[in-house]
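Trainee: Quick one: the structure is below, and I'll ask about it shortly.
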Amino acid sequence: MRAITFLLIILAVAVVAEQPAIAIVEFEAKNCDEGIAEAVGEIMRTEIISTGKYRVIERAQLARVMEEHALQMSGLVDTSTIAELGKLVGADFVAVGSVSGLGGTYTISVRYIDVETAEAVLGKTETASNEAELPGVCRKLAAALTSLPYSGSSGDYSYSSSSSASGRIAFVSNRDGDREIFVMDADGNNQTQLTTQGGRYPSWSPDGRRIAFISNRDWYNQIFVMDADGRNQTQLTTQGGENLSWSPDGRRIAFVSLRDGDMKIYVMDADGGNETQLTFKDSSVCWNYTWSPDSCRIAFVRDGEIFVMDADGGNETNLTPNRSADYRPAWSPDGHSIIFLSSCDVYYKIFVMDTDGRNRIQLTFNDSSDGSPVWSPDSRRIAFYSERDGDREIYVMDADGRNQIQLANSSSGDRGVVWSPDGRHIAFYSERDGDNEIFVIDANGSNQTQLTTQGGSDPTWCPVE
């Protein structure tokens, strides 16, 4: 009997040893009480333990190591530093995140960092309507972690290197004479038309259940929304709307309108209610803008300078008060940086800065224009187009500007770059055969594949696979 008991103990210890270890760093509180963020961290620990898939590093051990090595929460901003912390405590993953409060709702964002590669292998955002919903939201975020494969015997994490893209892509095609919205699998199969009265610029909701788009079916550009299968098409605006963008929490839609004679930024609920004007300065043009990942702020362009404001239009601040014309800001998914274009000479170049406007760094330097920078989902890379070789072609570089590589070589002008949710693939469109068609390519430049043959542009990848 003792021998059997001893054997069971040995087996139990072996199982625990094979479980990957995860360290959960204290969540950052943004516009909410520190106690809420602390509670979220504790709930996440409990929920991850309950999955039975991971061994959670003790909170006291994590705090002791941080104190011994003089590590501060504010210093855990890049994945390399986070990975170093993980190594110090013997973790395979580190979870870092934040809790953002807005009007009684709480948006929880979490990233899971692979300690061995120092890469963010998964990022998720969920929103709770009130404090009572926090445990359920944390349960979803913990469950997402179980999708990361672990070999168990050698401690290696084997992320799929398959070149086959997955998920769905919405796009625009005029194959029947009018521009309509279609959806297809990421390999080009199952192309299905969703609209029949005109549709452009499709935009997936963060949960992948709906698609917002622009249509001029009543002679004016208005914003509509529909289910992901094309059903329940509903008009949201009546006084004009362009350049729409879902808030990352999926609760609101921002857009631009000329209804008062000048381009101004507005925001409304996802059902079209509570339409609110955010920018008011007379004789100014506001067009490019970007949400912060926590849905609490918006960076935008006014008359060639980049500003940031709260999501209700308050606390407007100029981030780039200089002589250069700056535009097309894009907030990094990790919330730490903003990339943008600046006409520092006769050409536009890509720059990056902190979200408060400090530490402005130029990333591209060639004697030609670069444009349309887009962050990868893990904030480690930037895709963009460049005319440095005479044609508009797609490039990728590290977030600090290093390792710039050309992905596609074409004289037809590649554009409309969009990353796949896992960051392994890039979709774009190009006029290579006389018509715009959609292509997909691995993020390292291999396995370029044409997805459409009857016309396609403006691809957008469903954020949920």
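Trainee: Which residue pairs have Cβ atoms closer than 6 Å, lie 6 or more positions apart in sequence or on different chains, and pair a first residue in segment 443-462 that is outside the structural domain of residue 178 (by TED's automatic domain parsing) and in contact (Cβ under 8 Å) with a residue 12 or more places away in the chain with a second residue that is part of a loop (DSSP other than H, G, I, E, B) and among the hydrophobic types (A, V, I, L, M, F, W, C)?
Mentor: none
Trainee: Which of the residues belonging to segment 415-460 are in a strand (DSSP E or B), farther than 22 Å from residue 228 by Cβ and polar (S, T, N, Q)?
Mentor: Hits for segment 415-460 are 430, 449, 450.
Trainee: Step by step: first the residues of segment 27-69, then only those that are buried (at least 16 other Cβ atoms within 10 Å of the Cβ) and among the β-branched types (Val, Ile, Thr), then the one that is farthest from residue 84 (Cα to Cα). Which residue is that?
Mentor: If we take residues in segment 27-69 being buried (at least 16 other Cβ atoms within 10 Å of the Cβ) and among the β-branched types (Val, Ile, Thr), then 36 is farthest from residue 84 (Cα to Cα).
Conditions (1) over 16 Å from residue 305 (Cα atoms); (2) at pLDDT 90 or above, marked per residue:
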| position | (1), (2) |
| --- | --- |
| 344 | no, no |
| 350 | no, yes |
| 354 | no, yes |
| 371 | yes, no |
| 375 | yes, yes |
| 383 | yes, yes |
| 388 | yes, no |
| 397 | yes, yes |
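Residue-by-condition table, conditions (1) in contact (Cβ under 8 Å) with a residue 40 or more places away in the chain; (2) over 26 Å from residue 29 (Cβ atoms); (3) out of contact with any Lys or Arg (no Cβ under 8 Å at 6 or more places or on another chain):
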| position | (1), (2), (3) |
| --- | --- |
| 292 | yes, no, yes |
| 310 | no, no, no |
| 318 | no, yes, yes |
| 363 | no, yes, no |
| 366 | no, yes, no |
| 372 | yes, yes, no |
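The values are calculated or read from the model by the stated rules, or taken from the named source; none is laboratory data. Because the structure is predicted, anything quoted here is derived from the model rather than measured. When we count neighbours, we look across all protein chains shown, and the Cβ atoms used for this are built from the backbone with ideal geometry, even at glycine.
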